[in-house]
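*Asks:* Pasting a structure here, questions to come.
The values are calculated or read from the model by the stated rules, or taken from the named source; none is laboratory data. Remember, it's a predicted structure, so these values are computed and weren't measured experimentally. In this analysis, Cβ positions are derived from the backbone assuming ideal geometry, glycine residues included, and neighbour counts consider all displayed protein chains. Accessible surface areas use protein heavy atoms only, side chains included; no ligands, DNA or RNA. Shrake-Rupley method; radii C 1.70, N 1.55, O 1.52, S 1.80 Å.
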Amino acid sequence: MESVSTTLPLLWFGLVALFLTLYLITDGFDLGVGILTLTAANEARRGIIINTLSTVWDANETWLVCTGGLLYGAFPLAYATIVNALYIPITLMVIGFIFRAVAFEFREHSLDKTFWNIGFGGGSLLVAFSQGLVLGGVIAGIKVDAAGNFIGGTWDWLNLPSILVAITVVQGYVLIGSTYLITKTEGELKRYHYITAKFSAFTTYLGALVLTIATPMFYEQVKERLFHQPEVVIFAAIPVLATVAAGLLMNSINRRQEIKPFIWTIVLFLITILALAFVVFPYIIPFQITIYQASSSLSSQAFMIAFIGFFVPILLFYNIYLYRVFRGKVVSPHYGE
C-alpha cells in the first residue's frame, strides 16, 4: 500500500505535466497567432492568419480544461490554494478567453470588423500575459499555513519577477505562433513571419536568460535547491541545451526553412518545461506543499485512472486526426492585397 500511495501521486503529477505541456504547445501557437493579428497590415492578411486557426483553436483549449480537471481531482488542496491565491490573474485569463472566443465568431459575420479584431487580438494578449503572471506567482511561492490553506495577500503575485515571466511568456507565444504561421502561409505573409519569428526568438531567449539569472537572486529557496550537488550540474546543463536549440532555431529561420523553425521552437518549449519541473519537483506549490501532501485519496486516484485510460486515447486520436485532415497552407484569392 505504501508503494501505491507513492506511485499514484507521481503518475498524476506526470499526467498533469503532460497535459500542461500539450496545452502550452498547441494553445501557445494559438494565442501567439491571435497576438500577431494585431500586427497584420490589412484585413485580407488578418483573415488568412485567423483562418489558420479556424479548425483547431477550440480543440487546443481542451488541454487546459483537462489540466484543470486533473489538478482538481488528483491534487484538490493545490487546486484550491492556487485558485485562491491567484484568482485575479486567473479571472483576467478567463475574461481574455471569453473575448477571443466571442470575437472569433462575431468577426466572421460583421461588416466592420475593427472591434472584433481588437477583441480577438487583445483577448489573446490578455490570456498570454495572465498565464505568465500565474506562472510567475506559482514559481515565487504561495504563503500557506500548516494545513496548506492560503494565508497570503491579494496582490502577492504582482511583483517584478512575475511581470518578467509574463513578458517572456508572451514573447514565447509570439515565437511559436510565428513559426506556426510560416508553415501555414505563403508569399509576403510568410516572409513577414520569418521576421517576427527572428525577433521573438531573440527576445524570448533574452527573457529566459534574465529569468535564469534573476530567479535564484530573488528567491533563496530556489538558489539553495539549484546550487546544491548534484542539482547544480543539471541546472548548468539546461541553459546549454536551450542555447543550442535557440541557435539551431535561428539558423533554420535564417535559412528560410519551413518546418524546422516550428520543431525547434517546440524543443525550446520542452526544455523550458523540463527546467520548471526540475525546479519545483516534488512540490506542486513551490516550496510549501508536495505532491504527496496535496494528493486526493487513493480510491479517488484509482477511480480516475479508469476514466483517464478511456478518455485520453480518444482525445489524442481526435487531435491527431484533426491536424492531419486540415494540414496544408491557408490561402485567399485576395492574398496579395
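*Asks:* Carbon and sulfur: what percent of the range 283-334's accessible surface (1.4 Å probe)?
*Replies:* 71
*Asks:* Okay, moving on. Could you state the angle between the C-alpha long axis of helix 231-254 and the longest principal axis of the C-alpha atoms of the chain, as a value from 0 to 90 degrees rounded to the nearest 10?
*Replies:* Result, in degrees: 10.
*Asks:* Under the rule of -39500 (n - 2.57) per DSSP H run of 4 or more residues, summed and divided by the residues of the chain, what mean residue ellipticity at 222 nm is obtained, to the nearest 500 deg cm²/dmol?
*Replies:* -26500 deg cm²/dmol
*Asks:* Now for a different question. Per residue, how much accessible surface does the range 10-326 expose to a 1.4 Å probe? Answer in Å², no decimals. All intermediate terms of the calculation are to be shown ahead of the outcome.
*Replies:* Details: 14980 Å² over 317 residues.
I get 47 Å² per residue for this part.
*Asks:* Could I ask something else about it? At 0.36 nm per residue, minus the direct Cα-Cα distance, what do Leu11 and Ile314 gain on full extension? Give it in nm, one decimal, please.
*Replies:* Result: 107.1 nm gained on full extension.
*Asks:* Let me make sure I get this right: for the range 188-308, a, b and c are the square roots of the gyration tensor eigenvalues over alpha carbons, sorted descending. Under 1.5 in a/c it's rounded, otherwise prolate if a/b > b/c, else oblate. Which is it? Kindly include the intermediate steps, with their values, before the conclusion.
*Replies:* Numbers: a/c = 2.91, a/b = 1.56, b/c = 1.87.
Oblate shape, in that a/c is at least 1.5 and b/c is the bigger or equal ratio.
*Asks:* Turning to a different aspect of this structure: Rank by packing, highest mean first: peptides 194-206, 124-136, 160-172, with packing defined as the count of other Cβ atoms within 10 Å averaged across residues.
*Replies:* Numbers: 194-206: 19.3, 124-136: 24.0, 160-172: 20.8.
Descending mean neighbour count gives 124-136, 160-172, 194-206.
*Asks:* With +1 on each Lys and Arg Cβ and -1 on each Asp and Glu Cβ, how big is the dipole of the chain about its Cα centre, in debye rounded to the nearest 20? Before the final figure, lay out each step's value.
*Replies:* Values: 18 positive and 18 negative charges, 181 e Å.
Using only the charged Cβ atoms, the result is roughly 880 debye.
*Asks:* In degrees, nearest 10, range 0 to 90: what is the angle between the Cα axis of helix 260-280 and the longest Cα principal axis of the chain?
*Replies:* Roughly 20 degrees, rounded to the nearest 10.
*Asks:* Answer rounded, prolate or oblate for the range 152-247, using the Cα gyration tensor with square roots of eigenvalues a ≥ b ≥ c: rounded when a/c is under 1.5, else prolate when a/b is larger than b/c, else oblate. Don't jump to the answer; show the numbers that get you there.
*Replies:* On the way: a/c = 3.69, a/b = 1.69, b/c = 2.19.
Oblate shape, in that a/c is at least 1.5 and b/c is the bigger or equal ratio.
*Asks:* Pull out a ≥ b ≥ c, the square roots of the eigenvalues of the alpha-carbon gyration tensor of the range 250-320, then state rounded if a/c is under 1.5, prolate if not and a/b is larger than b/c, and oblate in the remaining case. Let's see the in-between values first.
*Replies:* Details: a/c = 7.03, a/b = 1.58, b/c = 4.46.
It comes out oblate by the Cα gyration axes.
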